[in-house]
Amino acid sequence: MPDQAKHLLLVEDEAPLRTVVAEQLVDRGYIVEPVDSGEAALTRLADFAFDILVTDLRLPGLDGSALVDAAVERYPDIVAIVMTGYGTVKDAVEAIKRGAADFVSKPFQIDELLLVLDSAVEQRRLKSENAYLRAQLEDRYRFEGIIGKSPAMTRLFQLLETVSRTNSTILITGETGTGKEVVARAIHHSSARRQHRFVALNCSAIPETLLEAELFGHVRGAFTGAVGNRQGRLEQAHKGTLFLDEVGTMSTALQMRLLRVLQEREFERVGDSHTTKVDVRIIAATNSDLGRMVADGQFREDLFYRLNVIPVQMPPLRERREDIPLLVQHFLGHFQSAATVSQEGMRRLMSYQWPGNVRQLENAIERAVAFGGGRGQIDVADLPAELQRLEAASPIPAALALPDDGVDLEALVADIERELIQQALERTNGNKGQAATLLRLKRTTLVEKLKRQHA
Ligand SMILES: Nc1ncnc2c1ncn2[C@@H]1O[C@H](COP(=O)(O)OP(=O)(O)OP(=O)(O)O)[C@@H](O)[C@H]1O
Ligand SMILES: [Mg+2]
């Protein structure tokens, strides 16, 4: 991995060029093994796993394309770059088809080659990091399709596991898009009620006048237009779970009737004198502050306590940014994209505030797949405008002011560096790649700094 110097196999039949390129690559920190033919390269590849293969295309015996083919077959992770002479671009394309990452045309400046190498190596790193994340998604970091590995989400999963076993009423609170409905469904599907229905009713989406009949059902002639008897959502959810979304918008009259259901598990259909018994588990959700609404007299206190038996608080996405890469990966899979996200793209995704939380992130990824997915790489330009503007804010904290008697600049800067690195590592659960992304550092640079701190 990128912590160590890269082993590079250089194949070039022209001795002067071979020597110059090899020397310059050594200067830049690569460990270079120069050979003069495809056959010699194959022999070396057979007994050493090089990270990088840089080969001339036109070679006397076995040519560069065939060599790439053999190398990639043996080491699928090797980064292969071909050097093409004038008029051999067609061959370069052929080599790329066979698995080369990129090409440089001769004559080239060493910086050109280094640039191509850097970006190819970075691509490879992202690919394996993405593959790693994908593998992680398979197991631990989910509860019934809820993604997250942050401490907040891990605690939530534990809570959900426990409450799924009970019949208690649950009140889920949280900002819009934090996953309240996903959690309600997850609880139902992992509970003993899973064989029966999960019935959702969004109290704010239905006009007040219809909500009562929708919830409790009605008998024929109960009101104008009530042509037959009709079951309400409560009865539909019998033995299952009723999800009352946006419960804060319910009128006080309806709040009364709901309270009775919670206390007695019984109710009357609209226009009916006969009492119906139900066995339902109720999960309510709201993105308003019900406690405050109780204080303001807008929500019945007794109902609040009946609903709030087990409170589940959904953390906003900005307080669990370490979940963002996992969620991005999850949504890429959902939108059937094999694209990767560039380092800068991921940095923006991780530093944005996400007022619309996971839903907003999901929409951003769907959009990015449409824009950049075809190229196989999602970059800043594919992200929503708010994320593209992010850089504008000054990174200097407002509180930073020069004290009257001056400062020890180097010590202070070192302290700040240590502190921010520490925070980045904590936020990413010690994942150096993601921490480096947050700090706009190359992973190798971060590792260097850590080594120096601990020296
Ligand atoms: N932890 C998560 N893992 C995977 N997907 C999630 C997660 N949280 C939310 N989502 C997805 O984000 C979207 C919004 O989730 P959901 O509808 O549950 O939010 P909500 O809190 O009910 O929002 P609102 O208050 O606006 O109704 C859904 O498409 C959901 O699948
Ligand atoms: Mg919702």
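The values are calculated or read from the model by the stated rules, or taken from the named source; none is laboratory data. Note that this is a predicted model, so its numbers are computed, not measured. Quick reminder, even Gly has a Cβ in these numbers, built from the backbone with ideal geometry, and neighbours come from all protein chains shown. Heavy atoms of the whole protein, side chains included, go into the accessibility calculation; ligands, DNA and RNA do not. Shrake-Rupley method; radii C 1.70, N 1.55, O 1.52, S 1.80 Å.
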Checklist outcome for this item: Any aspartates and glutamates whose Cα falls less than 16 Å from that of Lys442, other than same-chain ones fewer than 8 residues away, would be Asp3, Asp118, Glu122, Glu129, Glu344, Glu417
Checklist entry - Which cross-chain or sequence-distant (5 or more) residues have an amide H under 5 Å from the amide H of Gly240, H modelled 1.01 Å from N in plane? => result Arg197, Arg281
Checklist outcome for this item: Given unit charges at Cβ for Lys, Arg (+) and Asp, Glu (-), the dipole magnitude of segment 409-453 about its Cα centre in debye, nearest 20, is 300 debye
Checklist entry - For segment 195-262, what D do you get in µm² per second when you plug the Kirkwood radius from alpha-carbon pairs into Stokes-Einstein at 4 °C and 1.567 mPa s? => result 103 µm²/s
Checklist outcome for this item: Compactness summary of segment 151-313: radius of gyration and Dmax from Cα atoms, Å, are 15.7, 54
Checklist entry - Taking the Cα centre of segment 151-313 as the origin, how large is its charge dipole in debye, to the nearest 20, when only Lys and Arg (+1) and Asp and Glu (-1) carry charge on their Cβ atoms? => result 620 debye
Checklist entry - What Rg and what Dmax come out for segment 409-453 when only alpha-carbon atoms are used, in angstroms? => result 10.0, 30
Checklist entry - Accessible area of Lys449, 1.4 Å probe, to the nearest 10 Å²? => result 40 Å²
Checklist entry - How high is the relative contact order of the chain, in percent, with contacts defined as C-alpha pairs under 8 Å that are six or more residues apart? => result 12 percent
Checklist entry - To the nearest µm²/s, what D does Stokes-Einstein give for segment 303-396 at 10 °C and 1.306 mPa s, using the Kirkwood radius over alpha carbon pairs as Rh? => result 110 µm²/s
Checklist outcome for this item: Listed by chain and number, the lysines with an alpha carbon less than 29 angstrom from that of Lys239, same-chain partners under 8 positions apart left out, are Lys180, Lys277
Next on the checklist: I'd like the Karplus ³J(HN,Hα) series for segment 336-345: coefficients 6.51, -1.76, 1.60, θ = phi - 60°, whole numbers in Hz, and an x wherever there's a Gly or Pro.
Outcome noted: 6, 10, 9, 5, 10, 10, 5, 4, 5, x
Checklist entry - Antiparallel as a % of all DSSP beta bridges within the chain, to the nearest 5? => result 15 percent
Next on the checklist: How large is the translational diffusion coefficient of the chain in µm² per second when you combine the Kirkwood radius over alpha carbon pairs with Stokes-Einstein at 37 °C and 0.692 mPa s?
Outcome noted: 123 µm²/s
Item to check | Within the chain: Cβ-based charge dipole about Cα centre, in debye rounded to nearest 20 (Lys, Arg +1; Asp, Glu -1) | outcome: 2200 debye
Checklist entry - Under 5 Å between amide H atoms, partner at least 5 residues away or on a different chain: which partners does Arg265 have, H built in plane at 1.01 Å? => result none
Checklist outcome for this item: With the dipole of segment 151-313 defined by +1 on each Lys or Arg Cβ and -1 on each Asp or Glu Cβ, the option from Gly221, Thr209, Val163 whose Cα lies farthest towards the positive pole is Val163
Checklist entry - Hey, what's the Kirkwood Rh for segment 7-126 if you take every pair of different alpha carbons, in angstrom? => result 13.8 Å
Item to check | Listed pairs Lys106/Lys432; Lys90/Lys127; Lys97/Lys449; Lys6/Lys449; Lys6/Lys97; Lys6/Lys106 exceeding 28 Å between Cα atoms | outcome: Lys106/Lys432; Lys97/Lys449
